[in-house]
1. Note down the Stokes-Einstein diffusion coefficient of region 10-139 in µm²/s, whole number, using a Kirkwood radius over alpha carbon pairs, 25 °C, and 0.890 mPa s.
2. If I model a spin label at Ile8 and Leu110 as a point 7 Å from the Cα along the Cα→Cβ vector, what separation in nanometres do I get?
3. Return P(r) of region 13-89 (all Cα-Cα pairs; 5 Å bins starting at 0; whole %; ordered from short to long distances).
4. If Rh is defined by the Kirkwood formula over all Cα pairs and Rg also comes from Cα, what ratio Rg/Rh do you get for region 1-53?
5. Which sequence of Val91, Val52, Val29, Val22 reflects their accessible areas, 1.4 Å probe, from the largest down?
6. Using only the alpha-carbon atoms, what does region 45-88 span along each of its principal axes? Please give whole angstrom values in decreasing order.
7. Rounded to the nearest 10 Å², what accessible area does Met103 show when all protein chains are kept and the probe is 1.4 Å?
8. Where the accessible area of the chain is counted over protein heavy atoms with a 1.4 Å probe, how much of it, in %, is carbon and sulfur?
Amino acid sequence: MMRNFFLILAGGSYGLLAAAGVFTVLAAVGLVPRFAGKTHTAEYVLIYEEMVVFGTLTGCVLSVFSRYCRFHAWWLQRAPQHGAVLDALGVGFQAVFGLFAGMFVGCLALAIAEMLDSIPILTRRVSFRHGLGLAIISMAAGKICGSVLYFFTELHRTA
């Protein structure tokens, strides 16, 4: 009982940390306000941000509870004669999703590249002259330690 409690606590904590990291990157890069500015729809920024959160939560639910989100199998049980229609709809949905996901990833990559250009400016303004390499190596070492801990303790096999 206690082991399951700690697994739930650890899994929830890791999920919250990962989500916080994703949203922090999106907020730091300013991707949503940039989209709103380019499309001249700044009055809808809150709706855009809510859609980013909704999409993230939907992806999380679909990936964690994939056993319970099998629409195709449910459809084929109830209407097996319309399987070809569902397959065509699925291909169309994948094409639309791929288009929008590719645009989002491309814009995110460009925004991150722009943000990386500002790091030298920031280091000059805060007088961070020495130790920048040490800070970057420390972050990389932290990521390595986290990955080693994740795979050696087999946290990926707990689900």
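The values are calculated or read from the model by the stated rules, or taken from the named source; none is laboratory data. Computed from a predicted structure; not experimentally measured. In this analysis, Cβ positions are derived from the backbone assuming ideal geometry, glycine residues included, and neighbour counts consider all displayed protein chains. All accessible areas refer to the heavy atoms of the entire protein, side chains included, with ligands and DNA or RNA removed. Shrake-Rupley method; radii C 1.70, N 1.55, O 1.52, S 1.80 Å.
1. On the way: Rh = 18.5 Å.
It comes out at roughly 132 µm²/s.
2. 4.5 nm
3. Reading the bins upward from 0: 3, 13, 15, 15, 12, 11, 12, 11, 6, 1.
4. On the way: Rg = 16.4 Å, Rh = 13.0 Å.
My calculation puts Rg/Rh at 1.26.
5. Details: Val91 95, Val52 40, Val29 15, Val22 75 Å².
Descending order: Val91, Val22, Val52, Val29.
6. Taking max minus min along each principal axis of the Cα atoms, region 45-88 gives 43, 21, 13 Å.
7. Its heavy atoms expose roughly 100 Å² to the probe.
8. Values: 9510 of 13030 Å².
Summing carbon and sulfur atoms, their accessible area is 73 percent of the total for the chain.
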